[in-house]
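The values are calculated or read from the model by the stated rules, or taken from the named source; none is laboratory data. What you see is a predicted model; the values in this text were computed from it and never measured. All Cβ positions, even for glycine, are placed from backbone atoms using ideal geometry, and neighbour counts span all protein chains on display. All accessible areas refer to the heavy atoms of the entire protein, side chains included, with ligands and DNA or RNA removed. Shrake-Rupley method; radii C 1.70, N 1.55, O 1.52, S 1.80 Å.
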Amino acid sequence: MKFMKLKPKEPIKVLIDLAHKIQILANRVTNIITEEKVSFRARIIGTIFISLSGGLLYLDKLLVYLNFESDLTFGFSNFSNFLWAFTQSVAPILMILGMYFKPLKFSFLIAIYCYALQILWIFGPSYSESAIGHLFAIGFCVIFIVLVFFIKKIIVLLNMRKGNDEQFIAEAKDVLEILKSKVLEESKIEVR
């Protein structure tokens, strides 16, 4: 109703102001996506997105626990199945968006843990909610950490090798320049 009481020129001013605020927000998001460094708040937002990408997978179980059911099934046998399929589709999108905010690395373990339980559920639904299932998910996280560690080591070794190769090439070019200058000097001495 506040909008209705404005003078004729004021709604345009309000819309221009709103467009300006949206442009500032869009510039901030673009800066976050394109810059290497992001603010701590942006990292927290990314951490929340990554954590949610894992936690959303269990929204259907939470709603069953809270006795929440709906008639909106969109062709699925019940609302829980619809919600599970929907969150399975949305979770990777949240993870991708979260990665642009440079999240804290531990948040990936939350998502990996939840995805490991989902993988176990595929092969044995009874195991995913037992102690063995949680042990499996913890083991999966440990394997993931070890795998990331080895990949980082391989990258460091490859970069060292590349650096050594580049250093060798630079030194070889320097030696060639020195030899070239000596040959040119000798040819000038012989010509005289």
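Tabulated values for the structure
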quantity: Residue in segment 112-122 that is open to solvent by 70 Å² or more (accessible area, probe 1.4 Å), farther than 25 Å from PHE49 by Cβ and free of Cβ contacts under 8 Å to residues at least 12 places away in the same chain present; calculated: no
quantity: Qualifying residue in segment 144-154 (condition: of a type outside the set (Phe, Trp, Tyr), closer than 23 Å to ILE45 by Cβ and either part of a helix (DSSP H, G or I) or in contact (Cβ under 8 Å) with a residue 24 or more places away in the chain (or both)); calculated: yes
quantity: Residue check, LYS102 modelled with pLDDT under 90 and either touching a Pro at 6+ places or on another chain (Cβ under 6 Å) or not in a helix (DSSP H, G or I) (or both); calculated: yes
quantity: Residue within segment 22-44 that is at pLDDT 85 or above, in a helix (DSSP H, G or I) and of a type in the set (Val, Ile, Thr) present; calculated: yes
quantity: Any hit, segment 2-10, residues being more than 27 Å from the chain's Cα centre (by Cα), part of a helix (DSSP H, G or I) and at pLDDT 80 or above; calculated: no
quantity: Residue ID - modelled with the highest pLDDT, chosen from residues in segment 123-141 that are open to solvent by 70 Å² or more (accessible area, probe 1.4 Å) and out of contact with any Phe, Trp or Tyr (no Cβ under 9 Å at 6 or more places or on another chain); calculated: LEU135
quantity: Cβ-Cβ under 9 Å pairs, at least 6 apart or on other chains, segment 51-71 side free of Cβ contacts under 8 Å to residues at least 60 places away in the same chain and more than 20 Å from LEU109 (Cα to Cα), far side open to solvent by less than 40 Å² (accessible area, probe 1.4 Å) and polar (S, T, N, Q); calculated: ASP60/SER80; ASP60/THR87; LYS61/SER80; LEU63/SER70; LEU63/SER80; VAL64/SER80; GLU69/SER80
quantity: Of all residues making up segment 159-192, the number that are open to solvent by 100 Å² or more (accessible area, probe 1.4 Å) and under 32 Å from the mean Cα position of the chain (by Cα); calculated: 4
quantity: Single residue of PHE101, PHE74 found to be open to solvent by 40 Å² or more (accessible area, probe 1.4 Å) and out of contact with any Leu (no Cβ under 9 Å at 6 or more places or on another chain); calculated: PHE74
